[in-house]
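Let me begin by presenting the structure, written as structure tokens, before commenting on it.
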Amino acid sequence: MTTFSTRSCILFKASVVALAVASASSAYSAGFALNDHSTTASGSAIAGAAASGEDISFSYWNPALFLNAKKNTFYVSGAYVMPKMDVTNIQAKDAAPTIVGGPTNLSTSSTSNSDSVDNAFIPAFYYAMPLSDDTVVGVSLNAPFGLSGDYGNSWPGRFHATETSLKDVALAFSVAHRVNDWFSAGASVQVHRAHVVLASAVGTANPNAGGEGLGKIKADATGYGFSLGVLMEPIKGTRIGIGYRSKVKFDFKGDVKYDNVAGVNQGLATLGAGYQLVNASAEDNLKFPDVLTISLDQALTNKLRLGLSAIHTGWSSISDGLNIKFGSKQPNSVLTFGFDDEWMYSAGLTYDYSEAWTLRTGIAMDNSPVTDKYRSARTPDGDRKWYSLGATYHIDDSSSASFAYTYVSIEDVSVNRDGSLPEDASRGTYKADYASSANVVSLAYTKSF
């Protein structure tokens, strides 16, 4: 009876990292991080991001770069992400126990799911105010992490994931100071506000086992972080920048609500499970990863510059996953992420074509933190390659408009959840092939006064 009950426990498995599934942003950046915080930077695939002298939007990667402002300056940027994700060769079975006929086959190998990703708009805003020739204060508003998508409530993998959504907005207050002709430093403090929505089917497809319902969790949290950065120019034309953004701890609190679970609860009562699926509070905590950016901005000629960046994201801070606590007798829900720390590498060129036009291009390799063992319907992540181009039109001495386009090619991956992991005991098995890509268009306007 214990084994039978365990296999029949209808738990709502929730995961913030699960937000990487079926999302516009996950098609753009590895894991669930967002990297479009600057149209200018996107035009060269974030190459030289922590060392650039172009404008204040690069302060996201290095707060010392607020010193790029010589006057009061604002910069507003927006990226429109258009992802594509084809999920094919889906094979899924629920977790119905043998006593009621065993698992139900939910799909065939011909099943496809290509409507599960949403287009998304990612905004960014910066304002800088020089206090002197050597000191600048600034404020910025960014979305460091986020995504959204919906597989639908009737797709074959619904016991693994349906709706997913994450919004993380960070307000930062920064100060940058030029120590001498070749060394500058900056720092910021950040307030983050995150909102999560996660949903999946619960129960089984077998009416003899109580049928299936839907569970949805909504939670919010406020977190705090900081960033530090230095800029060095040992010789004229060679700029070296290092920026660090700290981990951010979120203590998520919210609730879980269920629909159509009367049959599921009747089955649990018959099995003597000792709990019911009832609307209740839900809570857990996560540490979103820290980010280290090392960049070079090198003048090759008086018009052409080379940018290089290496960006390390500490995804292992969430590797252990979640242990969600419910305000009911329902057992905790445990989910392992198994993320590894990873690097992103980029190289790009910036060319001052004329007094009016600056042109950019770049490439990047963005490595996924997801390991084969723990890849799931919620984390079907693969390595990414970026191909970017962009331009800035200098309207006059105090204003400019920028454009960037990035094509993101994502490694084809397969998910194979064969039931060997404890967290899949109530989900069943799931196998599928994923082919993904994204087109990203960015626009920005900057004004000094």
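General observations
- Length-normalised contact order of the chain in % [C-alpha pairs under 8 Å, at least 6 apart]: 21
- Candidates ASN208, ASN35, ASN142, ranked by Gaussian network fluctuation over the chain, Cα under 10 Å, top entry: ASN208
- Working value for the stretch 227-350: equivalent-ellipsoid semi-axes of 52, 13, 11 Å, each the square root of 5 times a Cα gyration tensor eigenvalue, largest first.
- Within the stretch 32-72: backbone nitrogen closer than 20 Å to the GLN298 label point (7 Å, Cα to C-beta): 44-54
- Spin-label pair ASN260-TRP343: with each label point 7 Å from Cα along the Cα-Cβ axis, the two points sit 4.9 nm from one another.
- Near the amide H of PHE339, within less than 5 Å, lie the amide hydrogens of SER319, all on another chain or at least 5 residues away, with H placed in the peptide plane.
- Taking 0.36 nm per residue of separation and subtracting the current Cα-Cα distance, fully stretching the chain between SER132 and TYR275 would add 45.0 nm.
- Option label - P(r) over Cα pairs in 20 Å bins from 0, in percent computed here, alternatives [x] 26, 49, 21, 4; [y] 25, 57, 17, 0; [z] 19, 46, 27, 7, 0: [x]
- Note on the chain: with a GNM built from Cα contacts shorter than 10 Å, the maximum mean-square fluctuation among THR293, THR222, THR361 falls on THR222.
- In nm, spacing of pseudo-spin labels at MET232 and ARG193 (7 Å Cα→C-beta vector): 4.0
- Put a dot 7 Å past the Cα of ASP397, heading toward its Cβ, do the same for MET365, and the two dots end up 4.6 nm apart.
- Over 25 Å (Cα to Cα) - which of LYS167/LYS247; LYS93/LYS385; LYS216/LYS385; LYS216/LYS329; LYS216/LYS325; LYS287/LYS447 fall in this group: LYS93/LYS385; LYS216/LYS385; LYS287/LYS447
- Residue of THR350, THR301, THR104 that the Gaussian network model of the chain assigns the largest fluctuation, springs spanning Cα pairs under 10 Å: THR301
- A straight Cα-to-Cα reach below 17 Å connects LYS253 with the aspartates and glutamates ASP168, ASP220, GLU283, ASP284, residues fewer than 8 places away in its own chain not being considered.
Values quoted throughout were computed directly from the atomic coordinates according to the rules given, and no laboratory measurement underlies them. For clarity, every value in this text was computed on a predicted model and none was experimentally measured. Every residue, glycine among them, receives a Cβ derived from its backbone with ideal geometry; neighbour counts consider all protein chains shown.
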